[in-house]
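Here is the structure we will look at, set down as structure tokens.
The values are calculated or read from the model by the stated rules, or taken from the named source; none is laboratory data. It should be emphasised that the depicted structure is a prediction, and the values quoted were computed from it without experimental measurement. Neighbour counts run over all protein chains shown; Cβ positions are idealised from the backbone, glycine included. Surface areas here come from the heavy atoms of the whole protein model, side chains and all, with no ligands, DNA or RNA. Shrake-Rupley method; radii C 1.70, N 1.55, O 1.52, S 1.80 Å.
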Amino acid sequence: MIPASADVAPAPVRIDAAALSGPRFAALPPLALYVHIPWCLRKCPYCDFNSHEAKGEAPEAAYVDALVADLELALPSIWGRRVFSVFIGGGTPSLFSAAAIDRLLAAIRARVPLEPGAEVTLEANPGTFEREKFAGYRDAGVNRLSLGIQSFDPQHLKDLGRVHDAEEARRAADAALVIFGNVNFDLMYALPRQTVAEAEADLDAALAFSPPHLSFYHLTLEPNTLFHRYPPPLPDDETTADIEDAVHSKLDAAGYGHYETSAYARPGRECRHNLNYWKFGDYLGIGAGAHSKLSFADRVVRQVRHKQPKQYLEQIALGAPLMEDSVVKRDDIGFEFMLNALRLTEGVPATLFAERTGYPLSLVRRGLEEAEARGLLERDPSVLRPTPLGQRFLNDLQQLFLAD
Ligand SMILES: C[S@@+](CC[C@H](N)C(=O)[O-])C[C@H]1O[C@@H](n2cnc3c(N)ncnc32)[C@H](O)[C@@H]1O
Ligand code: SF4
């Protein structure tokens, strides 16, 4: 007998079967390789990167050996895959000799298939500039240099605790453009006591070199830094907003596309390595504290290597460099994708979500509806693109994709 309650039709329960199971990839995302060099001449007071003052010489030879061992241990997780970009970051990779970088890149080429024309970037601090060394990096296969200039203003460089002065920054910039052509300058703004006119002068000084790429970072006070403990007098919000407006219009007039929150490039000179992060591609990170995100047919994993250089070297000797190794949960992956993709001014094709997460876009339906209703996301089903309002309130937009 049917119980009486069956007379009342139950509310339909919608189950998205695809979203409940694990991810399914038709093809794996593109793969990049990141190599971390964790030493600097001196620790800058604003920096929370995994970077450590090299007291004396950094153990260059032992560290390159460790990187090669690290790569070999990681090979089973990337079997058969080609790498389209290598990024040697830090820290200050330009502390290392050209011979060490040559040995590193030769070891990488011997173990993983690099795509022809792969982008190979190295981060350099102007305080470590030597013409011959930079030319040696180029001969070793580096074809893009990212130069940490921060500012051309002598007082601001001093306030930032930089090891180089403005003249050294100019010399390094000149040489980098001659030797590599493909060069990025890192600049920061909203510096202690900086005025709009000073920020504009800084940008003019950078534009005089006509670099193909510029990264323009808002100086942030990061926990565990000297600036966080003893905050310097920073410009107020209004001045900062005026600096941003001035910078955007100057760079736009100079022919640079603003393709990501902090990145500007001449057409075709966008950083392929960073674009891969923002498009939720895969990356293997080797070296102290390096992060990886790797996709397999049925899962996406994140890994972090031991952070302290000494501990990393010890763990490599034991064949165990990983400090964390976890599978990305279904509930988190939509947010992680959006956290990256929505930084891109032009957004991404909507189809990229399924390609890179292995789940249908319906996984984030609620967030999409709310973002569109609030005017933060374009109402175009073919793209996931923040509106100008969404770019301005990017944090709020990204938060809408957090799992309940
Ligand atoms: C790894 S460093 C680049 C290479 C080299 N270590 C150097 O500083 O010359 C990466 C960049 O992050 C930026 N950066 C670091 N700390 C920052 C902070 N607290 N706020 C904004 N940008 C920061 C700087 O522009 C820096 O050049
Ligand atoms: S900003 Fe660059 S040079 Fe300064 S401590 Fe950080 S990584 Fe090292």
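What the table below lists for this structure:
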| quantity | calculated |
| --- | --- |
| Gain upon complete extension [GLU115, LEU318; 0.36 nm per residue less C-alpha separation] | 69.9 nm |
| Segment TYR230-LEU402, extension gain: residue separation times 0.36 nm, minus the distance between their alpha carbons | 58.6 nm |
| Length gained when the stretch HIS218-GLN311 is fully extended (0.36 nm per residue, less Cα-Cα span) | 30.3 nm |
| Per residue, in Å², the accessible surface of the chain once ligands and nucleic acids are set aside, probe 1.4 Å | 47 Å² |
| Highest-MSF residue in the chain out of GLY117, GLY136, GLY375 [GNM, Cα springs under 10 Å] | GLY117 |
| Segments 48-55, 65-72, 200-207 sorted - mean Cβ within 10 Å per residue, highest first | 65-72, 200-207, 48-55 |
| Convex hull of the stretch 110-267 built on C-alpha atoms - directionally averaged projected area, nm² | 10.7 nm² |
| Between the stretch 148-184 and the stretch 59-105, the Cα center-to-center distance that results, in Å | 25 Å |
| Neighbour net charge for ALA206 - beta-carbon separation under 14 angstrom, K R +1, D E -1 | -4 |
| Separation of the ARG299 and ASP242 label points, Cα + 7 Å toward Cβ, nm | 5.4 nm |
| Distance (nanometres) between label positions extended 7 Å along Cα→Cβ at GLU132 and LEU73 | 3.6 nm |
| Residues of the stretch 282-325 with amide N under 20 Å of a point placed 7 Å along Cα→Cβ from ASP48 | 288-292, 303-309, 324 |
| Most to least accessible of SER362, SER382 (protein chains only, probe 1.4 Å) | SER382, SER362 |
| Bridge type composition, the chain - antiparallel percent by DSSP, nearest 5 | 40 percent |
| Ellipticity estimate at 222 nm from DSSP helix runs (n ≥ 4, -39,500 (n - 2.57)) divided over the chain, nearest 500 | -10500 deg cm²/dmol |
| Cα pair count fraction exceeding 25 Å, expressed as % - the chain | 61 percent |
| Gyration tensor (alpha-carbon) shape descriptor, the stretch 226-363, a/c threshold 1.5 | oblate |
| Where a label projected 7 Å from the Cα of GLU346 along Cα→Cβ would reach, residues of the stretch 257-284 with amide N under 11 Å | 257-260, 267-270 |
| Rounded Å value of the spacing that divides the Cα centres of the stretch 341-380 and the stretch 195-215 | 33 Å |
| Charge tally in the Cβ shell below 14 Å around LYS279, where Lys, Arg are +1 and Asp, Glu are -1, LYS279 excluded | -1 |
| Length-normalised contact order of the chain in % [C-alpha pairs under 8 Å, at least 6 apart] | 18 percent |
| Options ALA62, GLY375, PHE129, ranked by Cα towards positive dipole end of the chain, top entry (Cβ charges) | ALA62 |
| Burial order of peptide ranges 230-240, 151-161, 315-325 (average beta-carbon count within 10 Å, highest first) | 151-161, 315-325, 230-240 |
| Size of charge dipole - the chain - debye, nearest 20, with Cβ of Lys, Arg +1 and Asp, Glu -1, no other charges | 1140 debye |
